[in-house]
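All remarks here apply to the structure that follows.
Each reported figure results from applying straightforward, stated rules to the coordinates on display, with no laboratory input. Since this is a predicted model, take the numbers as computed values, not measurements. FYI the Cβ positions are ideal-geometry reconstructions off the backbone, even for glycines, and counts take in every protein chain you see.
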Amino acid sequence: MPKIFGVWSDYSAPRAVSALTDIFADEYGGEQIEKHFFPVDVSEFGPVISRIQRAKPDFVFSGVSGGPSI
């Protein structure tokens, strides 16, 4: 079962894509094991990067946008 770790901006479009990720992952035998939503002005991702490393997902889906996060 493929494991997906989601890192998303906290507004409607990334939340919708995260929900679709859950639907498609379930349909094809995968799982979004964690999902984290961040305000668009966040620029410090160290803690979530550590969580990704510990979780050892097969895929990381990132829907992060905004000036500081680029």
- Note on the structure: Here the stretch 14-19 yields Karplus 3J(HN,Hα) values (6.51, -1.76, 1.60; θ = phi - 60°; whole Hz; Gly and Pro given as x) of x, 5, 5, 5, 4, 5
- Message: Nearest 500 deg cm²/dmol is fine: what mean residue ellipticity at 222 nm does the chain get from its DSSP H runs of n ≥ 4 alone, each adding -39,500 (n - 2.57), divided by its residue count?
- Response: -12000 deg cm²/dmol
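Could you give the dipole magnitude of the chain about its Cα centre, charging the beta-carbon of Lys and Arg +1 and that of Asp and Glu -1, in debye to the nearest 20? Spell out each step's value before the answer.
Values: 6 positive and 9 negative charges, 41 e Å.
With Lys and Arg at +1 and Asp and Glu at -1, about 200 debye.
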- Task: Order the peptides 20-28, 6-14 from the highest to the lowest mean number of other Cβ atoms within 10 Å of their residues.
- Result: 6-14, 20-28
- Length gained if Ala19 through Lys56 is fully extended, taking 0.36 nm per residue and subtracting the Cα-Cα distance, is 11.2 nm
- Query: If you add up the charges near Trp8, with Lys and Arg at +1 and Asp and Glu at -1, over every other residue whose beta carbon is less than 9 angstrom from its beta carbon, what do you get?
  - Reply: +1
- Message: Need one number for the chain: average projected area of the convex hull over its C-alpha atoms, nm².
- Response: 4.3 nm²
- Message: Are there any trypsin sites (Lys or Arg not before Pro) in the chain that are in a DSSP loop and have at most 11 other Cβ atoms within 10 Å? List them by number.
- Response: none
